[in-house]
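Participant: Can you read through this structure? Questions will come right after.
Nothing in this text is a laboratory measurement; each read-out follows from the coordinates by a stated rule. For clarity, every value in this text was computed on a predicted model and none was experimentally measured. A quick note on method: Cβ atoms are made from the backbone with ideal geometry, for glycine too, and the neighbour counts reach across all protein chains shown.
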Amino acid sequence: MTMGSTRRTVLATGAAGTAALLVGCGGGGKDGGGDTAEKSSPAGTGADGGEELASTADIPVGGGKIFDDEKIVVTQPAEGDFKAFSAICTHLSCVVSSVSDKTINCACHGSRFSITDGAVAHGPATEPLPAEKITVAGNSILRP
């Protein structure tokens, strides 16, 4: 076996494994209860050129909303305090599925994260959800 064929075999095997992982963790269903987030599309472009994700009225106090297409979750832990985090669970890269009881929830394996800072509230995840940058302009929540 030549060095070139070994490298091709390793690359092909790695690509197949990555594809299988992505298919296995590709999504989470919505259960329709409580503060469950629903799929949303960007509403447009804000005045500062950022992408408008939602109106501030769309994000419940003590809850949040998941934007599947953007892979971001926006929360409002306290009145007027908006936070944003990656919607990709740090356990096995599933997209989180709901926001309820002041946590961001992943249906794949039961991990839960704080709506305040993305910290792990319940494993198996051991790493917090990374923060995402948003701005609030008037009644619009924008993502740069």
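Participant: Taking amide hydrogens as modeled 1.01 Å from N in the peptide plane, which residues meet the under 5 Å criterion relative to ALA137, leaving out close sequence neighbours?
Facilitator: LEU142
Participant: So, one more: Between HIS122 and ASP81, what FRET efficiency follows from the Cβ-Cβ distance if R0 is 35 Å, with the result rounded to 0.05? Show your work: numbers first, answer last.
Facilitator: Details: r = 23 Å, r/R0 = 0.64.
Taking R0 as 35 Å, the efficiency between HIS122 and ASP81 is 0.95.
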